[in-house]
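Have a look at the structure below before the remarks.
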Amino acid sequence: MKHIDEKAIDEEIKWAKINEDVLRHMETPRKAYWIALATSFIMFLVGLTAEVYQYRYGLGVADLNRSHMWGLYIATFIFWVGASHAGTLLSAFLHIIHAEWRRTIYRFAEAMTSVALMTAAIFPMIHLGRVWNLYWVVPYVSDREIWSNFRSPLVWDAFAITTYLTCSLTFLYVGMIPDLAICRDNARGWRKKLYVVLSVGWQGTDRQWRNFRKTYMTMACFLLPLAISVHSVVSSDFAVSLMPGWHVTSFPPYFVAGALYSGCAGIMTLFIIMRYFFRLEDYMTVNIMEKLCKMTFAIAMVWTYLILAEFAAVWYGHNQADKEVLLAKFYGPFAPYFWAMMFLAVVLPFTLAFQRLRRNMAALMVLSILFNIGMWLERWMIVSPTLSHAYNPESWNMLWPSIVQWCIVFGSLGWFGMIFLVFCKIFPMVSMYEVKEMVFHQKKDLLGHKHGHSHAGSGHVVGKPSVEGA
Amino acid sequence: MSITNLINDWSRYRKGAEEGGFHEYEHQWAMVVDLNKCIGCNACSVACYAENNLPVVGETRFAKNQGMHWMRVERFWDEPDLQPYVATASNSLDAWIEGNPPAPRSALKPSNPAPIAEGMLERDGKGFNEQFGFHGTKSEYQDFGGSFLPMMCQQCHSATCEPVCPVAATYHTPDGLNAQVYNRCIGSRYCSNNCPYRLRFFNFWSYYEDAWPEPLHMQLNPDLTVRDKGVMEKCTFCVHRIRVVKDEARMENRKVKDGEFATACVQSCPTSALVFGDKMDPDSQVAKLWNAHQVKQGPYKQTKENKELRGYRILEGLNTDPSVMYLERVREV
Amino acid sequence: MRKKYSVMGLFSDFEEVFCALEDIKKNKVPGVTVDDVRLMSPIEHPEIDEVLGERPSHVRRVTLCGSLFGIIGGFYFLVTSQSDFLVQPQGGKPVVPIPSNIVLTYEMFILFSVIATVLGFLVLSGLLFGKREKLYSEKVGVDQIAIVLDLNEETYEPIKALFRQHKVLEIREEVSK
């Protein structure tokens with residue numbers, strides 16, 4: 001077998017070239033970028049049209065009914081909240097454990113987190129009957145002393161998502177300040193003005209770096225539990241309710257694992273897209289992709305275990321109503337979607353065990369998209385079977401989502417793509433200073449490895465593990 | 001947002017349903033439905049439509065289950081083997097007298113056997129997957145063996161719909177009712193999802209636009225609103241009638257009398273299968289029935305001395321603590 | 001009135017910078033201590049702490065304040081607003097339900113911690129409206145590392161000599177009275 005160099009990045013790369021490459025991507029992406037942007041915009045318009053139509057005539061056009069009060073909107077909401085989780089995992093968790101390979105890809109992963117959350121946040125609004133009264137969910141001081149209901153998991157959602165969006169955006173921003181300073185030094189025109197404001201006077205002084213290091217680590221430590229709490233709270237929408245198939249104790253960890261899984265698959269897709277669009281092959285290397293694949297595989301297995309454990313719990317718990325919902329998934333009207341989900345999200349990840357596949361970008365592109373389709377189906381299979389088959393037999397019915405629902409779900413993808421692609425064009429999607437650090441450390445480790453203890457005298461330079469956030 | 005208020009009344013604010021709850025109840029409006037008396041005529045449902053400005057949604061929307069019947073009569077074909085009593089040579093009185101008793105019901109062969117799915121939960125003699133699965137067919141209705149279940153909001157004392165509303169549009173009143181504030185509702189529909197009885201109805205459309213073409217709009221009840229799209233609604237136990245009676249009683253400085261008024265459905269029931277009243281008034285018919293059937297508000301499992309008593313509450317085991325007691329239907333065999 | 005000098009030396013070799021700092025530390029130029037040194041670098045390297053000595057960073061104190069505010073303020077806000085909203089006994093639950101308040105308090109704790117951390121960072125590291133270094137080279141953003149010192153007439157020349165000794169690429173200076 002051919003020997004594969006395990007290095008995450010070529011450490012001989014010149015630092016000036018790093019700046020150059022990254023700054024160039026913001027100016028001149030490949031033509032495919034513009035095609036993708038236009039496609040996203042058209043998809044967004046399709047969704048917008050559907051939403052305007054629904055807004056005018058009421059939610060009836062979505063083919064919801066007395067049993068199916070929620071539908072694809074909430075399923076897609078969970079999907080997008082889930083997609084936002086892997087960014088935090090990559091940037092915060094891997095930062096805490098000092099995984100060097102995260103450094104070239106965490107920026108766009110974080111951007112994906114924020115944009116996916118913005119996409120997720122529109123779904124609870126779209127699905128509201130009277131969206132113009134949305135602000136009643138916010139606990140604001142009013143003369144009549146009316147508050148939102150703090151018992152409701154939907155209010156927990158509102159709190160959790162606001163917190164998560166605020167925190168992930170600031171985390172993304174703080175991590176970007178040194179890069180924005182580089183952009184400021186090199187930009188012209190409107191970009192210059194923007195970066196001057198956004199870089200808030202970063203000069204890279206030791207005082208700034210020292211505070212930066214502490215801040216970044218502290219924020220990472222807060223982001224990680226936050227991310228986990230956010231999807232637990234989303235799972236509470238279901239777990240706190242009384243319905244068969246929703247009232248499941250294992251939902252919080254199951255949702256978190258599912259979120260990380262679909263998020264990692266999303267990052268794989270975007271990895272390949274970004275790498276191609278912005279010609280970042282030197283930074284987003286195959287070796288990093290391989291590590292990402294391994295991580296995805298591990299998380300997929302955790303999730304697979306949890307979903308099987310959930311079925312087992314329902315099956316052996318022998319609660320009739322719960323069991324009937326499970327059977328409705330197994331061989332009822334939902335069977336094709338359920339088994340498609342099982343194939344795409346449970347069976348297919350085993351292909352990641354093969355190195356040849358882990359290093360094949362085209363195959364991974366297809367695979368990662370299939371994983372995400374599987375995970376989207378999984379969310380739908382959480383929401384709809386229970387709704388169609390709850391306690392009261394009188395209300396059992398099947399109503400498949402109408403074209404309006406599908407258009408809005410489709411449109412959300414466009415909304416995500418649109419914001420994300422514009423974001424990539426304005427902000428550096430590879431962290432320049434972190435790549436330099438990565439190169440610096442990698443080179444140092446290599447030197448230390450070669451020369452052993454010969455440089456022990458100048459111990460602060462060679463072979464010294466980095467001590468961060470002490 | 002004052003802390004003194006909190007400290008003074010902490011123990012009161014921390015009282016859950018188990019400790020009697022926060023409310024000092026003024027009334028506990030409750031209902032009794034005697035299934036023995038229900039003939040499934042749907043008069044209650046019609047009365048409800050007329051009283052509460054419920055829109056008639058039209059065939060297509062109704063077929064999509066977007067109907068707005070706060071009061072509905074559910075029909076279950078729960079005894080598919082049941083046959084009409086037809087005197088034949090073998091089961092006639094003469095045969096009996098001659099010493100040939102009729103065969104037991106279970107031995108009788110139904111003429112049109114309806115398939116029975118495995119499992120407890122069935123509708124029209126079929127399980128969920130048989131009805132909606134790939135090989136499911138449109139259910140064929142039996143000729144006999146149906147039973148009727150009038151269902152209106154159960155006004156649960158531990159209502160599952162209440163705590164999940166993000167804007168607190170539904171809450172428990174000191175009258176023991178589960179109130180829905182239309183003005184406050186933003187239409188997140190979580191309440192309906194969490195209602196095990198599926199007795200909440202959402203305005204998926206602006207029904208008023210076509211539900212009452214002129215001159216039908218003249219029949220709208222002026223005592224309550226017509227709801228627009230995006231609002232959840234449900235049976236209120238005719239709260240506007242309750243209000244009128246309470247106000248009158250207060251003006252005359254007396255208590256509300258039992259039987260002074262009834263909800264629209266109770267009023268229109270031809271067989272008096274529905275009984276409505278204040279359970280806190282020990283002399284009321286409702287309170288007497290609840291006591292007679294040894295059904296208590298509060299527990300999720302009734303302990304009855306006499307197991308033969310027919311009273312029960314629907315899905316009581318879910319600990320929703322409903323205010324409607326049903327009296328089981330008993331058939332002669 | 002004595003003249004004041006600001007001097008910035010730009011280096012490309014990180015090891016040389018560390019050596020230069022060692023020299024300053026060893027007091028090779030009297031009157032200049034390592035505490036006066038301001039370093040500008042393109043990357044974050046923890047090794048700097050070893051040469052520059054421990055310099056305090058108080059970001060986490062601000063974080064602590066934010067956290068405490070989030071926990072105490074959040075819980076206080078929830079509990080008191082619930083106790084004012086008495087029309088709301090729901091689902092047989094108490095007026096002030098502790099479990100749901102824990103969830104929300106947790107979110108507020110994180111929210112205010114993060115906001116406090118970021119604000120603390122911006123203020124403590126002199127960003128936003130803080131004072132800027134007058135001498136700044138764009139090359140710091142690329143691959144060079146800079147030592148900035150405020151000097152007087154005695155120390156001005158020796159420091160420049162020290163810089164040259166450690167292969168400085170460029171020296172920029174500013175004179176003020």
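Bear in mind that the values in this text are calculations on the coordinates, not laboratory data. Since this is a predicted model, take the numbers as computed values, not measurements. Don't worry about glycine lacking a Cβ; one is built from the backbone with ideal geometry, like all the others, and counts go over all protein chains shown.
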**Fill in**
Rounded to the nearest 10 degrees, the helix C:153-165 long axis (Cα) sits at an angle to the longest Cα principal axis of chain C of 90
**Message:** So, R0 is 25 Å and r is the distance between the beta-carbons of B:Cys41 and B:Gln219; what FRET efficiency does that work out to, to 0.05?
**Reply:** 0.75
**Asked** Arranged by the count of other C-beta atoms within 10 angstrom, fewest first, what order do C:Ser6, C:Ser41 take?
**Response** C:Ser6, C:Ser41
**Request:** Please list the non-local residues whose amide H lies under 5 Å from the amide H of C:Leu39, H modeled 1.01 Å from N, same-chain partners needing a gap of 5 or more.
**Result:** A:Asp206, A:Arg207, C:Val148
**Fill in**
At the level of C-alpha centres, the distance separating segment A:339-403 and segment A:298-338, in angstrom, is 13
**Request:** May I ask you to sort B:Asp258, B:Asp321 by Cβ crowding, counting other Cβ atoms within 10 Å and putting the fewest first?
**Result:** B:Asp258, B:Asp321
**Prompt:** Is there a pair in A:Lys323/B:Lys307; C:Lys26/C:Lys160; C:Lys3/C:Lys160; B:Lys15/B:Lys304; C:Lys4/C:Lys160 whose C-alpha atoms are over 18 Å apart, and which pairs would that be?
**Reply:** A:Lys323/B:Lys307; B:Lys15/B:Lys304
**Prompt:** Most fluctuating residue of C:Lys25, C:Lys167, C:Lys93 in a GNM of chain C with Cα springs under 10 Å: which is it?
**Reply:** C:Lys93
**Request:** Let me know the Rg and Dmax you get for chain A when you use only its Cα atoms, in Å.
**Result:** 23.7, 82
**Request:** List every residue whose amide H lies under 5 Å from the amide H of B:Gly277, counting only residues 5 or more places away in sequence or on a different chain, with H placed 1.01 Å from N in the peptide plane.
**Result:** B:Ala30
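Before rounding to the nearest 500, sum -39500 (n - 2.57) across all DSSP H runs of length at least 4 in chain A and divide by the residue total; then give [θ] at 222 nm in deg cm²/dmol.
Computed mean residue ellipticity for chain A: -22500 deg cm²/dmol.
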**Message:** Could you tell me the ratio Rg/Rh of segment C:59-124? Both radii from Cα atoms, Rh via Kirkwood.
**Reply:** 1.15
**If the convex hull is drawn through the Cα atoms of segment C:1-81, its volume per residue in Å³** = 173
**Asked** What angle, in degrees between 0 and 90 and rounded to the nearest 10, separates the Cα long axis of helix A:153-186 from the longest principal axis of the Cα atoms of chain A?
**Response** 20
**Message:** In segment B:311-333, whose amide N lies under 20 Å from the spot 7 Å out along Cα-to-Cβ of B:Ala292? List them in ranges.
**Reply:** B:311-314, B:323-332
**Request:** Divide, for the protein assembly as shown, the radius of gyration over alpha carbons by 2.2 N^0.38 Å, where N is the residue count.
**Result:** 1.16
**Request:** Take the alpha-carbon centre of segment A:53-73, take the same for segment C:134-151, and report the distance between them in whole Å.
**Result:** 60
**Request:** Using only the Cα atoms, work out Rg/Rh for segment A:175-235, with Rh taken as the Kirkwood radius, to two decimals.
**Result:** 1.18
**Asked** Using all Cα-Cα distances in segment A:138-215, what percent lands in each 10 angstrom bin from 0 up to the longest?
**Response** 16, 29, 21, 18, 14, 1
**Item:** Residue exposure sequence - B:Lys304, A:Lys329, A:Lys425 - by fewest surrounding Cβ within 10 Å
**Value:** B:Lys304, A:Lys425, A:Lys329
**Amide H within-cut-off set for B:Ala168, under 5 Å, with H built and near neighbours excluded** = A:Asn149
**Asked** Cα centroid distance between segment A:91-170 and segment B:272-287, in Å?
**Response** 49
**Complete:** Helix C:74-84 sits off the longest principal axis of the Cα atoms of chain C, rounded to the nearest 10 on a 0 to 90 degree scale, by 30
**Item:** Equivalent-ellipsoid semi-axes of segment A:264-378, from the Cα gyration tensor, Å, largest first
**Value:** 34, 14, 10
**Item:** Binned Cα-Cα distances of chain C, short to long, each 5 Å bin given as a whole percent
**Value:** 1, 7, 12, 13, 12, 10, 7, 6, 6, 5, 5, 5, 4, 3, 2, 1, 0
